[in-house]
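The values are calculated or read from the model by the stated rules, or taken from the named source; none is laboratory data. Quick caveat, the model's predicted, so the values are computed rather than measured. Cβ placement follows ideal geometry from the backbone for every residue including glycine, while neighbour counts extend to all protein chains displayed. Accessible surface is based on the protein model in full, side chains and every heavy atom, while ligands, DNA and RNA are left aside. Shrake-Rupley method; radii C 1.70, N 1.55, O 1.52, S 1.80 Å.
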Amino acid sequence: MYKTIVVHVDGGSQLAPRLRVAAGLARQHDAHLVGSAVTGISQRDFLTLGTSAMAALPDSDFDRLREAGSELLLNFATQVARLDVASWEQRLVEDDARHALVLESRYADLLVLSRGTPTYARLRLASDLPEYVALHCTRPVLVVPDDYQDEIVGSTIVVGWNASMEATRAVTAALPQLKLARSVLLALINPDELTERHGEQPGGDIALYLARHGVNVEIVRERSEAGAAPTLLGLARDCGADLLVAGAYGRSRYREWIAGGVTRGLLEENTVPLLLAH
């Protein structure tokens, strides 16, 4: 079960759907919900500018940042009270969002974020916040689409399985939700290309593992030249899934810009909540 859930609190329009999903999961798992807002001044700022330069800034500048964060948390408190969450708190962290969420992940079971605004619109790159947190934190990250309307996720789940370490960690991280799902589709994309990982019966061992945990799992093997991300997204769309689970794979930023990647492809195009673990 997820017992501590951290949700990123900012001033963006994506907060409402993100908070609805986080609150729904908190009710479903009887979990404690933490609303995390930041001042935006990172430790890197202190290191780059120097302590003396930061100290030279007027106290009023820091006060305004803290006041802005406090206002975000007041909005969070108002909304979460309407969502019938039994246990919750709010935190203001003196850092930027990336480092604050990575730190808070050490003491949580799940982090809930949004995809966010693309950093480079012409290159169609998703905001790097969910990707950065997923690749650097110790817990799974649930990325909620900006216009997602539902509250409860995970009735029908698609799991991307390629027998990698990242996919294994994603399955383990999603297990509390997989056990509650009505249907879980274990999707293997071109498994014959990874015979050294999958063995004679691709997906058989992990499906048995999940079945022993009480998961209602079905293996789906797909042949596709489109790539893993489009195929997984298409499968999730076709079966009406309300959660997609996948490993988070890191590559150099330059290679991501030029060649793309599975994680980035899922983040850019996904229309249902996406659970990532690295």
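Take the residues in the range 23-44 that are among the small types (Gly, Ala, Ser) and more than 15 Å from residue 80 (Cβ to Cβ); name whichever of them is most open to solvent (accessible area, probe 1.4 Å). Among residues in the range 23-44 that are among the small types (Gly, Ala, Ser) and more than 15 Å from residue 80 (Cβ to Cβ), the one most open to solvent (accessible area, probe 1.4 Å) is 40. Scanning the range 75-90 for residues that are part of a loop (DSSP other than H, G, I, E, B) and out of contact with any Leu (no Cβ under 8 Å at 6 or more places or on another chain), we see that the one that is farthest from residue 152 (Cα to Cα) is 86. The number of residues in the range 262-271 that are open to solvent by 20 Å² or more (accessible area, probe 1.4 Å) and either closer than 16 Å to residue 129 by Cβ or among the hydrophobic types (A, V, I, L, M, F, W, C) (or both) comes to 2.
How many of the residues making up the range 249-271 are in contact with a strand residue (DSSP E or B) (Cβ under 8 Å, 6 or more places away or on another chain) and either part of a helix (DSSP H, G or I) or at pLDDT 95 or above (or both)? It would help to see each step written out before you state the result.
Taking the range 249-271 and keeping what is in contact with a strand residue (DSSP E or B) (Cβ under 8 Å, 6 or more places away or on another chain), we get 256-257, 262-264, 266-268, 270.
Pick out the ones that are also either part of a helix (DSSP H, G or I) or at pLDDT 95 or above (or both) and you get 256-257, 262-264, 266-268.
Number of matching residues: 8.
Within the span defined as the range 94-112, one or more residues are β-branched (Val, Ile, Thr) and modelled with pLDDT of 95 or more.
Taking the range 224-247 as the range and being of a type outside the set (S, T, N, Q), at pLDDT 95 or above and touching a strand residue (DSSP E or B) at 6+ places or on another chain (Cβ under 7 Å) as the test, the residues that pass are 232, 235, 236, 239, 240, 241, 242, 243, 244, 245, 246, 247. At least 3 residues being in contact (Cβ under 8 Å) with a residue 60 or more places away in the chain, touching a strand residue (DSSP E or B) at 6+ places or on another chain (Cβ under 8 Å) and open to solvent by 60 Å² or more (accessible area, probe 1.4 Å) is the threshold, and among the helices (runs of 4 or more DSSP H) wholly inside the range 119-218 those reaching it are 165-178.
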